[in-house]
1. Which residue is farthest from SER242 (Cα to Cα), if the candidates are limited to region 259-285 and must be among the aliphatic types (A, V, I, L, M) and modelled with pLDDT of 95 or more?
2. Using the structure shown, decide if LEU139 is in the same structural domain as LEU58 (by TED's automatic domain parsing) and either surrounded by 15 or more Cβ atoms within 10 Å (Cβ to Cβ) or of a type in the set (S, T, N, Q) (or both).
3. Go through region 142-170 and count every residue that is loosely packed, with under 15 Cβ neighbours inside 10 Å and within 17 Å of the chain's Cα centre (by Cα).
4. Exactly one condition in (1) within 23 Å of ARG172 (Cβ to Cβ); (2) in contact with a helix residue (DSSP H, G or I) (Cβ under 7 Å, 6 or more places away or on another chain); (3) not small (Gly, Ala, Ser) is not met by HIS32; state its number.
5. Among ALA50, ALA34, ALA45, which is at pLDDT 95 or above, closer than 19 Å to ARG115 by Cβ and hydrophobic (A, V, I, L, M, F, W, C)?
6. Just wondering, is there one or more residues in region 195-204 that are touching a strand residue (DSSP E or B) at 6+ places or on another chain (Cβ under 8 Å), surrounded by 14 or more Cβ atoms within 10 Å (Cβ to Cβ), in contact (Cβ under 8 Å) with a residue 60 or more places away in the chain and outside any loop (DSSP other than H, G, I, E, B)?
7. For region 269-318, how many residues meet the condition of being within 30 Å of GLU80 (Cα to Cα), of a type in the set (Lys, Arg) and part of a loop (DSSP other than H, G, I, E, B)?
8. Among residues belonging to region 271-290 that are under 19 Å from the mean Cα position of the chain (by Cα) and not hydrophobic (A, V, I, L, M, F, W, C), point out the one that is nearest to ARG304 (Cα to Cα).
Amino acid sequence: MSKLFRDVEGRSPCPQGSVVCIGAFDGLHPGHRALVGHVLARARARGLAAVALSFEPLPREFFGGKQAPPRLLLPRAKFEGLRALGMDAVGLLRFNAAMAAMGAEEFVQRVLVQRLSAREVWVGPDFRFGHGRRGDLALLEQMGEALGFQAGAIAPVQSGGERVSSTVLRQRLADGDLEGVARVLGRRYAISGKVVRGKQLGRKLGYPTANLRLAGKRPALSGIYATWVHGIGPEPRASVSSLGTRPTVQGVEPLLEAHVFDFDGDLYGRRIEVEFVAKLRDEEKFDDLPALVRQMDLDAAQARRVLRHDMEKRGALA
């Protein structure tokens, strides 16, 4: 069971020493997985704890506010993903004013050496850290020589001749290129979370939905999608989902709403995962609710066709 820690101070989760990787890990794409896999192998070879170190909110969110890049992965999903990859401890350090003001050298001393007893520290390409982004691999190597740890960086991961990055994935999601995202990730893009109560307008319109809030994060995609919902039973359930601000009913907060076909159970409080198969259309504002329902009927029919074809294709490949 992976240990989760949020603070700079506190009891070390790995007093016998650790191999640490540092990054945003937004999306846990192949580049991130290569870094994590390298650290896990090094830790197992040395009999040390494997630690993934990140921040919440991400520094770009803290400094950028509403202009920050959209998120690919919500905090809990990031922790669960790193845990599933085998990390013994995961740090999602609170990025606040104090953290933003912390110099790179202080970060090395307080977090890597004192908190984590680091013996090795590994980062991705172009990694920067500390106040003013003044810390880099060269500083890690220099301080490591004096403080007893080794530092290094792994090479970028390529896909189709292009460097894999969260920026590339965000752009493809914004463009509706779900197949391109799946090729890079090795799996379809999905969002997971706990089902919360909404205004229950969908039920009144004949389309009850399982609603997932996005923890105040800006999603990397929006619109209407054919989706599979995981977590209801042993098999994924066909669904049509809306991700956005619901302009027809004056919504404000981005919300993921999944209508599961041929299902009438209670999902409140259950954790589900919504897997995005194909984009059907962009969000739009309708003149009235009857016009919205007519479009929802069309969306549902199209989603069923897409998912039926997807199931047939998967069956042919099995």
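The values are calculated or read from the model by the stated rules, or taken from the named source; none is laboratory data. As the structure is a computational prediction, the values presented were derived from the model and not from experiment. Here Cβ is always computed from backbone atoms with ideal geometry, including for glycine, and neighbour counts include all displayed protein chains.
1. ILE272
2. Values: in the same structural domain as LEU58 (by TED's automatic domain parsing): yes; either surrounded by 15 or more Cβ atoms within 10 Å (Cβ to Cβ) or of a type in the set (S, T, N, Q) (or both): yes.
Yes; evaluated as a whole, the condition is true for this residue.
3. Going residue by residue through region 142-170, those that are loosely packed, with under 15 Cβ neighbours inside 10 Å are 142, 145-148, 152, 155-156, 158, 160-163, 167.
From what's left, within 17 Å of the chain's Cα centre (by Cα): 167.
Of the residues in that region, 1 qualify.
4. So HIS32 meets the others, but not (2).
5. Details: ALA34 fails: closer than 19 Å to ARG115 by Cβ; ALA45 fails: closer than 19 Å to ARG115 by Cβ.
After applying the criteria, what remains is ALA50.
6. Start the filter on region 195-204 by keeping residues that are touching a strand residue (DSSP E or B) at 6+ places or on another chain (Cβ under 8 Å), which leaves 195-198, 202.
When the remaining residues are screened for being surrounded by 14 or more Cβ atoms within 10 Å (Cβ to Cβ), the result is 195, 198, 202.
Narrowing the set further to residues that are in contact (Cβ under 8 Å) with a residue 60 or more places away in the chain leaves 195.
This time we only want the ones that are outside any loop (DSSP other than H, G, I, E, B), so: 195.
Within region 195-204, one or more residues are touching a strand residue (DSSP E or B) at 6+ places or on another chain (Cβ under 8 Å), surrounded by 14 or more Cβ atoms within 10 Å (Cβ to Cβ), in contact (Cβ under 8 Å) with a residue 60 or more places away in the chain and outside any loop (DSSP other than H, G, I, E, B).
7. 1
8. GLU275
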